[in-house]
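**Student:** Have a look at this one.
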4 protein chains.
Amino acid sequence: MPTAKFVPSDPAFETRVRASFARQKLMHLFGATIERVAPGAVDIRIAMRDDLTQQHGFLHAGVVTSIVDSACGYAALSLMPPEAAVLSVEFKVNLLAPGRGERFVARGRVLKPGRTLHVCFGEVFAVAGDGAEERLIATMMATMMAVRDRPDVAD
Amino acid sequence: MPTAKFVPSDPAFETRVRASFARQKLMHLFGATIERVAPGAVDIRIAMRDDLTQQHGFLHAGVVTSIVDSACGYAALSLMPPEAAVLSVEFKVNLLAPGRGERFVARGRVLKPGRTLHVCFGEVFAVAGDGAEERLIATMMATMMAVRDRPDVAD
Amino acid sequence: MPTAKFVPSDPAFETRVRASFARQKLMHLFGATIERVAPGAVDIRIAMRDDLTQQHGFLHAGVVTSIVDSACGYAALSLMPPEAAVLSVEFKVNLLAPGRGERFVARGRVLKPGRTLHVCFGEVFAVAGDGAEERLIATMMATMMAVRDRPDVAD
Amino acid sequence: MPTAKFVPSDPAFETRVRASFARQKLMHLFGATIERVAPGAVDIRIAMRDDLTQQHGFLHAGVVTSIVDSACGYAALSLMPPEAAVLSVEFKVNLLAPGRGERFVARGRVLKPGRTLHVCFGEVFAVAGDGAEERLIATMMATMMAVRDRPDVAD
């Protein structure tokens, strides 16, 4: 996991990220919560639930993607100026192990910030009951875009 | 959209795909339905719903991914022998336009079948009210794996 | 292969694309030539050569990528205004079959143009001796960026 | 950069990787050399050369991809049993900065080994004259396949 130090351009980045996350209704539907919000780094947690599974009873790859996409997008937003909103341009997900576990945490990190595009790296871990052990189940490489001057898009 | 002709190795492929889809509880949660099931080709539909949105009110990229991942996975399964199950290995999604619309259809197609790996191409379209117009909002390139002899995985 | 119709914003797009290609010294090294240049569509050809191979004697995946990256990049550039230059942001390549053949053609197509980002789809085919038969060996999904006001980058 | 510890299944892995690399004629053409070979980790170096450039004089994205694909592929091969050969299934490259520099190093690392598929992460750095400073210019996420029982493919 990359560990760069970034200086946010918006001092109120955490409030802004948390407020935007609260408007993501899909995260409510999934019971996902936002945990850590640091400059260029956001963690999102989710508990396993029967209605989030695929045919073998594992967490659906679409849910894995949803939480790590949101984590990467908000990691990018945390470094953007107040007037910019964030949109996902593209991402690649590698599913390394079946989504088996009680809880999952998605960690999104900015690898390379830019004026328009932010390249992010994300990981999803299955977490055992006591939280002591984490098992990597998926990775994401994502391109996030800072969108300005679009009235339909404001974070 | 590629349009190859494939001969399924399992004559009961449609029943099998539909039965497996019925076990994907995430698709129930989303209100997604499986439409066309042909050899190497599966379509999945979903209606826009407020609880599937991201912060700007568009369909969340994770929902877009979920339906096209399932469409691609089942397109691959439709060509697999009865004893194989399907798992997503990896995919890349490009988000071409915001997820704005009343309904969406994800089309998964096998581009190149193999003994172990199937390469699939998927597209997601936003559909206007009367179904007359479709607008491409996302593409997927995916690698799907035929899994054998794993007791925890059976489609 | 997508077949959209695009109107180029630069009437001299073909001259510009061919002149820029002529400056790609790697293409000279590979003996690659640019064939078709149409709005949003560029084809690049290469002949098999012993010094372009990997350890099994197939065309190296890096050469496959090089020609389809250039084809996609120039397909994007063909739609850009005269003041913009093109840079590859990211791409994904799926290698569908070994790079075995006498000649290869890479076809780059713009799937979705934008002001800043162009999403492109590319295919690489192995071509048999008489040119009658083409076999798909690789696909690319790529994001290309229009770069303006950068003195170090001009196509 | 991930830093897992792996135990190679072939004690002669280093000899095998170096011998296979020596057969990659494209690497000779590029003047690339293999440096570090450790279990699940391979580094490949290249010096900037005029004939490896794209139209702006930067290292061509195809060359960047070639060296990091070889680095990831050999990182995977280093963990495979003697009877297996390696083929690239797919990869995604993010180009984070222009390929400007005197030398470049590609580092390929296995993120998750498997019986058939190895997921690898790669990075390419531009290296300044004295080797003291490295600048990340590209990342790769790749799926590599262990191929057995194919007479045309042996590493």
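The values are calculated or read from the model by the stated rules, or taken from the named source; none is laboratory data. Just so it is clear, the model here is predicted, and its values are computed rather than measured. Neighbour counts are summed over all protein chains in view; Cβ atoms, including those assigned to glycine, are modelled from backbone coordinates with ideal geometry. For accessibility, only protein heavy atoms count, side chains too; no ligands or nucleic acids. Shrake-Rupley method; radii C 1.70, N 1.55, O 1.52, S 1.80 Å.
**Student:** Quick check: from the Cα gyration tensor, does the range B:71-118 come out rounded (a/c under 1.5), prolate or oblate?
**Tutor:** The shape class here is prolate.
**Student:** Take the Cα radius of gyration of the protein assembly as shown and divide it by 2.2 N^0.38 Å, with N its residue count; two decimals is plenty.
**Tutor:** 0.90
**Student:** Then there's this: Between A:ALA97 and A:HIS28, what is the spin-label point distance in nm, taking each point 7 Å from the Cα along the Cα→C-beta axis?
**Tutor:** Label-label distance for A:ALA97 and A:HIS28, simple model: 3.4 nm.
**Student:** Could you point to the residue in C:GLY108, C:ILE34, C:SER9 farthest towards the positive end of chain C's charge dipole, with +1 and -1 charges on the Cβ of Lys/Arg and Asp/Glu respectively?
**Tutor:** C:SER9
**Student:** Summing -39500 (n - 2.57) over the DSSP H runs of n ≥ 4 in chain D and dividing by its residue number, what mean residue ellipticity at 222 nm do you reach, to the nearest 500 deg cm²/dmol?
**Tutor:** Mean residue ellipticity at 222 nm (helix-derived): -6500 deg cm²/dmol.
**Student:** In terms of modelled amide H atoms, which long-range or inter-chain residues lie less than 5 Å from the amide H of C:ARG36?
**Tutor:** Here the answer is C:ASP43, since their amide H atoms fall under 5 Å of that of C:ARG36.
**Student:** OK, next. Label-to-label distances across copies for C:ALA19, with labels 7 Å out along Cα→Cβ, in nm, shortest first?
**Tutor:** Listed shortest first, these distances are 4.9, 5.3, 6.5 nm.
**Student:** While we're looking at this one, here's another question. Give the aspartates and glutamates reachable from A:LYS92 as a straight Cα distance under 20 Å; neighbours fewer than 8 places away on the same chain don't count.
**Tutor:** Result set, ordered by chain and number: A:ASP43, A:ASP69, A:GLU123, B:ASP69, B:GLU90, B:GLU123, C:ASP69, C:GLU90, C:GLU123, D:ASP69, D:GLU90, D:GLU123.
**Student:** At 1.4 Å probe radius, can you tell me the per residue accessible area of the protein assembly as shown in Å²?
**Tutor:** The answer is 35 Å² per residue.
**Student:** Which of rounded, prolate or oblate describes the range C:103-155 when judged by the alpha-carbon gyration tensor and an a/c cut-off of 1.5?
**Tutor:** prolate
**Student:** In Å² (nearest 100), what accessible area is buried between B and A, both sides summed, heavy protein atoms only, 1.4 Å probe?
**Tutor:** Interface area, both chains combined: 3200 Å², rounded to the nearest 100.
**Student:** Pairing the Cα long axis of helix B:13-22 with the longest principal axis of chain B, what angle in degrees results, from 0 to 90 and rounded to the nearest 10?
**Tutor:** The answer is roughly 50 degrees.
**Student:** Given N residues in the range D:1-109, what is Rg(Cα) / (2.2 N^0.38 Å)?
**Tutor:** 1.09
**Student:** Using a Gaussian network for chain C with springs between C-alpha atoms less than 10 Å apart, which of these wobbles most: C:VAL64, C:VAL89, C:VAL127?
**Tutor:** Checking each option, the largest mean-square fluctuation is seen for C:VAL89.
**Student:** Which value, in debye to the nearest 20, describes the size of the charge dipole of the range A:47-104 about its Cα centre when Lys and Arg Cβ atoms bear +1, Asp and Glu Cβ atoms bear -1, and nothing else is charged?
**Tutor:** The dipole of the range A:47-104 has a size of about 200 debye.
**Student:** Under 17 Å Cα-Cα from A:LYS25, which lysines qualify once same-chain neighbours fewer than 8 residues away are excluded?
**Tutor:** Here the lysines satisfying the reach criterion relative to A:LYS25 do not exist.
**Student:** Take every Cα pair under 8 Å in the range D:1-91 that's 6+ residues apart, average their separations, divide by the length, and report that relative contact order as a whole percent.
**Tutor:** 34
**Student:** If you roll a 1.4 Å probe over the range A:25-155 with all protein chains in place, what percent of the accessible area is carbon or sulfur?
**Tutor:** 52
**Student:** Over chain B, what is the relative contact order in whole percent, taking alpha-carbon pairs under 8 Å and six or more residues apart?
**Tutor:** Rounded, it is 25 percent for chain B.
**Student:** If you don't mind, there's one more thing I want to ask. Each residue of the range C:45-55 in turn: what ³J(HN,Hα) in whole Hz from Karplus with 6.51, -1.76, 1.60 and θ = phi - 60°, glycine and Pro shown as x?
**Tutor:** 10, 8, 9, 4, 8, 4, 7, 10, 9, 9, 5
**Student:** For the range D:33-74, go through all pairs of different Cα atoms, get the mean of 1/r, take its inverse, and jot down that Kirkwood value in Å.
**Tutor:** It works out to 11.1 Å.
**Student:** What are the nm distances, shortest first, from C:ARG36 to its equivalents in the other copies, labels at 7 Å along Cα→Cβ?
**Tutor:** Nearest to farthest, the other copies are at 2.4, 4.6, 5.0 nm.
**Student:** Can you work out the FRET efficiency for the pair D:GLU83 and B:ALA12, with r the C-beta to C-beta distance and R0 = 45 Å, to the nearest 0.05?
**Tutor:** About 0.80, to the nearest 0.05.
**Student:** Determine the dipole magnitude for the protein assembly as shown: charges of +1 sit on the beta-carbon of Lys and Arg, -1 on that of Asp and Glu, nothing else is charged, the reference point is the Cα centre, and the result goes in debye to the nearest 20.
**Tutor:** Dipole of the protein assembly as shown, to the nearest 20 debye: 0 debye.
**Student:** What's the magnitude of the charge dipole for the range A:1-79 around its Cα centre, counting Lys and Arg as +1 and Asp and Glu as -1 at the beta-carbon? Answer in Debye, nearest 20.
**Tutor:** Dipole size: approximately 160 debye.
**Student:** Any idea what the relative contact order of the range C:83-155 is, in percent, if you count C-alpha pairs under 8 Å spaced at least 6 apart?
**Tutor:** Once divided by the residue count of the range C:83-155, the mean separation gives 43 percent.
**Student:** Would you work out if the range A:1-40 is rounded, prolate or oblate? Take a ≥ b ≥ c from the square roots of the eigenvalues of the alpha-carbon gyration tensor; rounded if a/c is under 1.5, else prolate when a/b is larger than b/c, oblate otherwise.
**Tutor:** Here the range A:1-40 falls in the oblate category.
**Student:** So the label point sits 7 Å from Cα along the Cα-to-Cβ vector; using that for C:ALA47, what distances do you get to the other copies, in nanometres, sorted shortest first?
**Tutor:** 3.0, 6.2, 6.8
**Student:** Let me ask something else about it. Under 5 Å between amide H atoms, partner at least 5 residues away or on a different chain: which partners does A:ARG103 have, H built in plane at 1.01 Å?
**Tutor:** Result for A:ARG103 returns A:MET48, A:VAL127.
**Student:** Here's a follow-up. Determine ³J(HN,Hα), in whole Hz, for all residues of the range D:67-75 in sequence, where each value follows from phi through the Karplus function 6.51 cos²θ - 1.76 cosθ + 1.60 and θ = phi - 60°; x replaces Gly and Pro.
**Tutor:** 6, 7, 5, 5, 4, 5, x, 6, 4
**Student:** Kindly identify residues of the range B:118-155 having a loss of at least 10 Å² in accessible area between the isolated chain and the assembly of all protein chains, probe radius 1.4 Å.
**Tutor:** Checking the loss per residue gives B:VAL119, B:PHE121, B:LEU136, B:THR139, B:MET141, B:THR143, B:MET145, B:ARG150, B:ASP152, B:VAL153, B:ALA154, B:ASP155.
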